[in-house]
Amino acid sequence: MPSADVIARLKAIVGEQGFTDDRDEIAPHLVEWRGRWQGQTPILLKPQCAAEVAAILSLCNDTRTPVVPQGGNTGLAGGQIPLAGEVLLHLGRMNRIRRIDAHQSSAIAEAGVMLAALQRAADEAGMYFPLSLASEGSATIGGALSTNAGGVNVLRYGSARALALGLEVVLADGRILDLLRTLHKDNTGYDLKQLFIGAEGTLGVITAAAVKLFPEPEMSVTALLACPTPDAAVTLLRRLRQAIGPLLSAFEFFPRSGLGMVLTHIPQTRDPFARPSGWYVLAEAGGGRALPLYDIIEGAIASAIADDIATDATIAASESQRAALWRLRESFSEAQKREGASLKHDVSVPVDSIPELIASGSAAVERLVPGIRPVPFGHLGDGNVHFNFSAPQNADADSFIARRDEIARVIHDLVASLGGSISAEHGLGIMKRDEILRYKSAAELDTMRALKRTLDPNNILNPGKVVTV
């Protein structure tokens, strides 16, 4: 815990509006969405500019006071929670969109800007910001970059890392690293911004970002298809990519088991087809009105049904229908939470290995826990599977959760054997910090530790997260 003197000096840096030590106000910032980690802190700082962040880190570095940065608190790996009484640095007041430049296809936004707010600002300028998550109404630019968030449009536009042109970062010693360039080409040595993307605030604090914008699609086509198997879904992905190429922006998949939870627990949802299917695919593409996009997709779907790759399909005829289809997919996490105890694994494998991952992983875990309910879903187009498991019906929740590590080891070993990653888009945080030691090489871990020691020699930035030194 920081001393009373340090806390007083931190308060002086940010002023009366820039901190709170009220326990009730701090409380929502100390627990992550699933309730797995409960943190503690004596003070929550709310700086309003990079200069204040710099002054905070300079003081904390000099006094060896640990700091945990936090954005929208939507992370699922515990990286944003102060677990040992660290100072909590919340960037929500840094929420200005400094510039939208349609001609240069770029925007500069401060770390506390919510994804949905930047999407709206880009739309008003006739442009498109494609980073889209179920939590975009509360997730922030800084948090998304710090965890290298993915979302539903990675297939076409890439993850947060691919969307970043430049960053403004405050280093552990308080220096401001100004990398806010909007160039699409800059080959002048090390690409320093990449060090901080996905680092979860352990190497520096992102305070602003320059990001890519794109022309707003003049039209989009959204289709939900029923597929008999994951193999069929992978084949369907190949068919659609062959038909429309890079215009395919999203290709999500989910099982009937998860859809049943959504229909049970989420209001104003309905079964999209008269007959249930084992699996479903939600695909979306966008482009100019001059392209016969609807006809191309309709033809590809008809061909897939004729070849038994799909058994049924519906194409959204309005924005409200499109929203209803996306609501089914984006409600999975909330529905599974309401269903009861569950275990979640954010993993990725080569796309062609997804059927093997699901089949072998489900069978192995079902042998460990008879009656367990697999709910694998997610971003099939880029190989990212949220391989979740709900507890058996009427199981004791605590006993089920107690087997978390045992089940994770089975899934993670299988993922590694398939050439995959045990964290696709949620980061390592505290949850997978030790688990990654099993899967990364000594050279990788040594390099990560060397970077941490170089950029944060006093280990004040989010200590104990991502990698230990």
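The values are calculated or read from the model by the stated rules, or taken from the named source; none is laboratory data. Please read all numbers here as calculations on a predicted model, not as lab measurements. When we count neighbours, we look across all protein chains shown, and the Cβ atoms used for this are built from the backbone with ideal geometry, even at glycine.
A few remarks follow.
- Test: residue in the stretch 318-332 that is in contact with a helix residue (DSSP H, G or I) (Cβ under 9 Å, 6 or more places away or on another chain), more than 30 Å from P246 (Cβ to Cβ) and either of a type in the set (A, V, I, L, M, F, W, C) or in contact (Cβ under 8 Å) with a residue 60 or more places away in the chain (or both): no
- Considering only residues in the stretch 261-288 that are small (G, A, S) and over 18 Å from L225 (Cβ atoms), the one that is surrounded by the most Cβ atoms within 10 Å (Cβ to Cβ) turns out to be G287.
- Selection count, the stretch 70-101, where residues are β-branched (V, I, T) and assigned to a strand (DSSP E or B): 3
- S138 hydroxyl-bearing (S, T, Y) and either free of Cβ contacts under 8 Å to residues at least 24 places away in the same chain or in a strand (DSSP E or B) (or both): no
- Those helices (runs of 4 or more DSSP H) lying entirely in the stretch 189-288 with at least 2 residues in the same structural domain as H103 (by TED's automatic domain parsing) and over 27 Å from I354 (Cα atoms): 193-196
- Pairs where the first residue, in the stretch 16-27, is touching a residue at least 24 places away in the same chain (Cβ under 8 Å) and the second is among the hydrophobic types (A, V, I, L, M, F, W, C) and in a loop (DSSP other than H, G, I, E, B), C-beta under 7 Å, 6+ apart: F19/I43
- Where T65 falls short, out of the listed (1) of a type outside the set (D, E); (2) closer than 22 Å to G137 by Cα; (3) assigned to a loop (DSSP other than H, G, I, E, B); (4) in contact with a strand residue (DSSP E or B) (Cβ under 9 Å, 6 or more places away or on another chain): (2)
- Test result for G287, over 14 Å from R327 (Cβ atoms) and out of contact with any strand residue (DSSP E or B) (no Cβ under 8 Å at 6 or more places or on another chain): no
- Within the option set L428, L418, being aliphatic (A, V, I, L, M), buried (at least 16 other Cβ atoms within 10 Å of the Cβ) and more than 26 Å from Q38 (Cβ to Cβ) holds for one residue only, L418.
- Residue in the stretch 72-79 that is surrounded by fewer than 22 Cβ atoms within 10 Å (Cβ to Cβ), within 28 Å of E435 (Cβ to Cβ) and over 22 Å from the mean Cα position of the chain (by Cα) present: no
- Per-region count, the stretch 304-320, residues loosely packed, with under 14 Cβ neighbours inside 10 Å and either charged (D, E, K, R) or in a helix (DSSP H, G or I) (or both): 5
- The number of residues in the stretch 21-66 being surrounded by fewer than 17 Cβ atoms within 10 Å (Cβ to Cβ) and either farther than 20 Å from V169 by Cβ or modelled with pLDDT under 95 (or both) comes to 16.
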